[in-house]
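In what follows, a single structure is set out as structure tokens and then discussed.
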Amino acid sequence: MPSAIWILGFVSLLMDVSSEMIHSLLPLFMVTTLGTGTIAVGIVEGLAESLALIVKIFSGTLSDYLGKRKGLALGGYAIGALTKPLFAWAPDIGTLLTARLLDRLGKGIRGAPRDALVADIAPPQLRGAAFGLRQSLDTVGAFLGPLLATGLMLLWADNFRAVFWVAVIPGLMAVALLFFGIREPSSSPSSRRANPINRENLSRLSPAFWWVVGIGSVFTLARFSEAFLVLRAQQGGIPLALIPLVMVAMNVVYSASAYPFGKLSDRVGHGPLLVYGLAVLLGADLVLAAGDHWSVVLGGVALWGIHMGMTQGLLATMVADRAPSDLRGTAYGCFNLACGLAMLTASTLAGYLWDRLGAAFTFYAGACFCLLAIVGTLCAPTLPDRRLR
């Protein structure tokens, strides 16, 4: 495995420590400190996550146009790090929404160029393992962040804003590691630059690629924002300072499973593995709908983590394998545009159902979308080839 893949993984790890220290507490901060309702939580999370996914089409396309990935990724990580102080300062929901959108704007800018950089660096026969490794290290940060947040909340008597200030440090460390640690591979010189988003180039994206986009969109409808996992844990009476441990549990499972399933995706068909991942998400939704006792919530969260480990690196690999190398940034952008619109719809709907009908209906709706995605995958005339060279 190239050392640059490890470095990109540790960059993701540090930024996720920074982000998850805030995000694991943010729904509780909004409800308890700022006094917002669950519909507002759903709208904020849906807007933020969908913005991150939608922006990726522009950053991915720009990275293809320039033939460079690192600069855009570096800019995105820098925006993410520099917006963290806004969370600590935010006096109202408007400021918090601004901070959340800027933070996700940074994620959107860096996401597609970084994924395309992983695909450029990794040998084709190790591409699934490379995405799994980066995702696994990323997820280590995603459980270290809530773990650190829990310790600081206990130490500082539930002082949300003090924890948010500490989150600035690992974000700046991620930017420094990317700047000094990665040398971008040289690309073939082009006689002229052309807009990657034109009819000729888009026609080079195969039907198999657009199949992945369609299934990924329905899949995103089924897995709304993880803020609702945090709110479900709060309903079970878990002490406020300990609720981030729910995200720790989810991300421990996610991290442990991402790399093994990434390696497995290099050897087996992608379609069947995706169906199994959707089936696990279906089980997670049904368990979370069944009750709010801490043991039930923990079981559902563990299943949620397994499905993330099975599917997130897999979907990234499926996009990379089904797009020409000079259009990978654009391909990730198109994929994430579709998923971004689905995420906005899913999180807004989840917040509405939670507020009007109760938490169980939110997770039952997710289960219905899971079934739809499974049926769509199984009823496809032919599953796309594992890798189109």
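From Ile43, Ile57, which residue is at pLDDT below 80, open to solvent by 30 Å² or more (accessible area, probe 1.4 Å) and not aromatic (Phe, Trp, Tyr)? Write out each step before concluding.
Working: Ile57 fails: open to solvent by 30 Å² or more (accessible area, probe 1.4 Å).
Going through Ile43, Ile57 in turn, the sole match is Ile43.
Would you mind finding the one in Leu133, Leu154, Leu148 that is closer than 28 Å to Leu273 by Cβ and open to solvent by 10 Å² or more (accessible area, probe 1.4 Å)?
Details: Leu154 fails: closer than 28 Å to Leu273 by Cβ; Leu148 fails: closer than 28 Å to Leu273 by Cβ.
It is Leu133.
Can you list the helices (runs of 4 or more DSSP H) found entirely within the stretch 237-343 that contain at least 1 residues being more than 30 Å from Leu155 (Cβ to Cβ), without any contact (Cβ under 8 Å) to a residue 24 or more places away in the chain and open to solvent by 10 Å² or more (accessible area, probe 1.4 Å)?
Values: elements: 244-265, 270-290, 294-321.
Passing ranges, in order: 270-290, 294-321.
What is the number of the single condition among (1) closer than 19 Å to Arg127 by Cβ; (2) among the small types (Gly, Ala, Ser); (3) over 17 Å from the mean Cα position of the chain (by Cα) that Ser295 does not meet?
Status for Ser295: all satisfied but (1).
Any idea which of Leu14, Leu74, Leu51, Leu8 is assigned to a helix (DSSP H, G or I) and within 18 Å of Gly351 (Cβ to Cβ)? It would help to see each step written out before you state the result.
On the way: Leu14 fails: within 18 Å of Gly351 (Cβ to Cβ); Leu74 fails: within 18 Å of Gly351 (Cβ to Cβ); Leu8 fails: within 18 Å of Gly351 (Cβ to Cβ).
One residue alone meets the criteria, Leu51.
Scan the helices (runs of 4 or more DSSP H) fully inside the stretch 93-203 and keep the ones with 2 or more residues being at pLDDT 85 or above. Break it down stepwise before answering.
Details: elements: 93-121, 127-155, 160-166, 168-181, 199-203.
Answer list for the stretch 93-203: 93-121, 127-155, 160-166, 168-181.
Take the stretch 54-71 and flag every residue that is of a type outside the set (D, E, K, R) and assigned to a helix (DSSP H, G or I).
The initial filter retains those residues of the stretch 54-71 that are of a type outside the set (D, E, K, R), namely 54-55, 57-63, 65-67, 71.
Ile54, Val55, Ile57, Phe58, Ser59, Gly60, Thr61, Leu62, Ser63, Tyr65, Leu66, Gly71, listed by residue number.
The values are calculated or read from the model by the stated rules, or taken from the named source; none is laboratory data. Every value quoted in this text rests on a predicted model; they were computed, and no experiment measured them. Because the Cβ atoms are built from the backbone with ideal geometry, glycine has one as well, and the counts that use them run over all protein chains shown. The accessibility values were calculated without ligands, DNA or RNA, using every heavy atom of the protein model including side chains. Shrake-Rupley method; radii C 1.70, N 1.55, O 1.52, S 1.80 Å.
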